[in-house]
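Contents: one structure, followed by commentary.
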Amino acid sequence: MKKILFFSIFMLFFTACSSINVFVKNNPSSNLNNRGDDVPITIVLFELDDTKRFMEASDLDLLQKPEQVLSRDLIDFVKLQVEPSTQKSILEIKDERVKYVGILVVYADQKDGRKTKEVKKISDLNYSGLLFNITSQNISAIEVRIAN
């Protein structure tokens, strides 16, 4: 009985420690509309098994038909808007099938040369947090330590 209790506690601890929390930070003036107003940004977060199709796909295809474009590489996704000057916790990844987290950022003004996609490999993370930092020209994936 003690062995079963110990094993159960160990598995609970292991499962709790192996999750990844994903945050998004939308910096001020990252998404100005044609009148210069700072407006919410649309993002799509993808839980992926592989990144090849994600990186090759157009932004429009990822936005409109992610299941068809990503096929079996897609585990799950969430689409939402993030207000300007806001940092939000978006999801907690517990599924061991997820090898990568990808983000698609849809700006109000689609300028050429602006980075719209970023991906991070889960196994490269040493901590339990991942922050996608969005500016007017760039998206960066930053590993963060989550305080308990």
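The values are calculated or read from the model by the stated rules, or taken from the named source; none is laboratory data. The shown structure was predicted, so the numbers you read here are calculated from the model rather than taken from an experiment. Ideal geometry is used to build each Cβ from the backbone, glycine not excepted, and the neighbour counts take in all protein chains shown. The protein model used for the area step is the full one, side chains on, heavy atoms only, and it has no ligands, DNA or RNA in it. Shrake-Rupley method; radii C 1.70, N 1.55, O 1.52, S 1.80 Å.
Residues that are assigned to a helix (DSSP H, G or I), within 22 Å of Thr135 (Cα to Cα) and open to solvent by 10 Å² or more (accessible area, probe 1.4 Å) within the range 40-77 comprise Met55, Asp59, Leu60, Leu63, listed in sequence order. Scan the range 6-32 for residues that are at pLDDT below 90 and either closer than 24 Å to Ser140 by Cβ or of a type outside the set (A, V, I, L, M) (or both) and jot them down. The answer is Phe6, Phe7, Ser8, Phe10, Phe13, Phe14, Thr15, Cys17, Ser18. Remark: pairs (first residue in the range 132-148, over 16 Å from Tyr100 (Cα atoms); second residue open to solvent by 40 Å² or more (accessible area, probe 1.4 Å) and assigned to a strand (DSSP E or B); Cβ separation under 6 Å; 6+ apart in sequence or on different chains) = Asn133/Lys25; Asn133/Ile142.
Among the residues that make up the range 98-118, is at least one of them open to solvent by 30 Å² or more (accessible area, probe 1.4 Å), of a type in the set (Ser, Thr, Tyr), in contact (Cβ under 8 Å) with a residue 40 or more places away in the chain and not in a loop (DSSP other than H, G, I, E, B)? Yes, there is a match, as at least one residue in the range 98-118 is open to solvent by 30 Å² or more (accessible area, probe 1.4 Å), of a type in the set (Ser, Thr, Tyr), in contact (Cβ under 8 Å) with a residue 40 or more places away in the chain and not in a loop (DSSP other than H, G, I, E, B).
Considering only residues that are in a loop (DSSP other than H, G, I, E, B) and not polar (S, T, N, Q), look in the range 22-36 and name the one that is surrounded by the most Cβ atoms within 10 Å (Cβ to Cβ).
From the range 22-36, those in a loop (DSSP other than H, G, I, E, B) are 27-31, 33-36; that's our starting set.
Right, trim to not polar (S, T, N, Q) and you get 28, 35-36.
Numbers: Pro28: 11, Arg35: 7, Gly36: 7.
Out of the qualifying residues, it is Pro28.
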